[in-house]
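Take a look at the structure below.
The values are calculated or read from the model by the stated rules, or taken from the named source; none is laboratory data. What you see is a predicted model, and the numbers here were worked out from it, not measured in a lab. All Cβ positions, glycine included, derive from the backbone under ideal geometry; neighbour counts span all protein chains shown. Side chains included, ligands, DNA and RNA excluded: accessible areas come from the protein's heavy atoms. Shrake-Rupley method; radii C 1.70, N 1.55, O 1.52, S 1.80 Å.
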Amino acid sequence: MSSEGKKLFNIIILGVSFMFIFTAFQSCGNIAQTVITNLNNTDFHGSGYTSMSIIYGVLSASNLISPSLVAIVGPQFSMVVSGVFYSLYIAVFIQPTTWAFYTASVLIGIAAAVLWTAQGNCLTENSDENTIGRNSGIFWALLQFSLIFGNLYIYFAWQGKTHISESDRRTVFIALTVISLVGTVLFFLIRKQEDTKAPGDDDSTNEILGESSSARNKMMRAVAAFKKSITLSFTKEMLLLSVTTAYTGLVLTFFSGVYGTCIGAVNRFGSEEKSLIGLSGIFIGVGEILGGGIFGLLSKKNRSGRNPVVMLGILVHFIAFYLIFFNMPNDAPIAPMEGTDQVAYMIPSKEVAMLCSFLLGLGDSCFNTQLLSILGFLYSEDSAPAFAIFKFVQSICAAVAYFYSNYFLLQWQLLIMVIVGFFGTITFFTVEWGAAAALAARGSDYSSI
């Protein structure tokens, strides 16, 4: 297999592995609060929102050290170990206890930081400035198939049910745990690049260094990665992109946890309210996959750069927020186990709710594919620190959003996303114009990015 074929194979395996892991994890996130609401009459006293807030809070802090960990053990092994912790978190729901639930939330936060830093490193190592757009799209589209499969199962398994039994819960989470482990094992299929050398490993160095020297080199790389993360954090481009990244963190919280909870709380949806959570996840996945395919795989035909895609993303999201505001009761995110009988500005419509799910996914893919692409382009030499900063900002904003989701009515959550999304789009445009100018100075074709 040629070098380019091997790189493409690695990208596909990377995407498929993430697809399996996040089929399990995102399905778990979509139904966690609904399942926990049914558990709170027992000895279990936990909150899905609080758990996700812990996860993203720890994730954000862990991104300060994740480049160093990836530098020491390598991206492949980092992803394998992280995948195991994802599986353990999901397995907690088979027989949940409060202490295990929150402990697993802390551990998966650390694992997620390492996983996504290693993913960005692996994506960049197997791409160049001509293929980063295509590879970002392939990875994102494969990843988002995760929203289809898990939610499809939930939709059919929970159709017509208003209460989730212990047997239903165990069956779902045993299956999701196995799926996550399959994705973890697939990381072993990623092939190393013969021409990719870590700093300090040139020529015959590996033959003459002893174990102590090798360990010292790894530690030096870890320290260098940490210093590079701090340095990159304060560059103009990274600060501007951080506003865009912050918006993706707020949206991630909304579509992966809050919106499904809202749908499941609307009593006017009748006996379908719980199964509609799974159907909503499917429509989000369709939007994500469509966006990844169009704006990633077909990026070569886009001669206008990334800005039009981001503009489409924010317009699609604003339409979705407007429709959700009219369709969903204001108290839906914080409704009790009995649900809510309130009505917004229209009788709640299942069709409008599913349309909004699709629009949320499509808009999210617009932002994330372009952020992955521009980070890989701008920081091809410092991919691990750059992607660590990306996940740091995204996850800390997701943590904040999960925290206030326990208290804020729907209208205030939507307003926060509108404001941050508006400014995030402007800052992305600023960085993209700078990237285009730099590319033109090198005499390269703008469409190649």
Counted residues in region 98-132 being part of a helix (DSSP H, G or I), open to solvent by 40 Å² or more (accessible area, probe 1.4 Å) and closer than 30 Å to G305 by Cβ come to 1
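Confirm whether V92 is modelled with pLDDT of 85 or more, of a type outside the set (S, T, N, Q), closer than 23 Å to F387 by Cα and in a helix (DSSP H, G or I).
No.
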Does any residue of region 337-352 turn out to be among the polar types (S, T, N, Q), under 23 Å from I148 (Cβ atoms) and within 15 Å of the chain's Cα centre (by Cα)? no
Looking only at residues that are closer than 23 Å to S127 by Cβ and open to solvent by 40 Å² or more (accessible area, probe 1.4 Å) in region 369-410, which one is modelled with the lowest pLDDT? D382
So Q26 ticks every box in (1) modelled with pLDDT under 90; (2) open to solvent by 50 Å² or more (accessible area, probe 1.4 Å); (3) under 16 Å from the mean Cα position of the chain (by Cα) but one. Which box is left unticked? (2)
Looking at I148, is it modelled with pLDDT under 85, open to solvent by 20 Å² or more (accessible area, probe 1.4 Å) and farther than 30 Å from A71 by Cβ? yes
Test set (1) farther than 23 Å from A386 by Cβ; (2) modelled with pLDDT of 90 or more; (3) buried (at least 23 other Cβ atoms within 10 Å of the Cβ) - I21 fails condition number: (1)
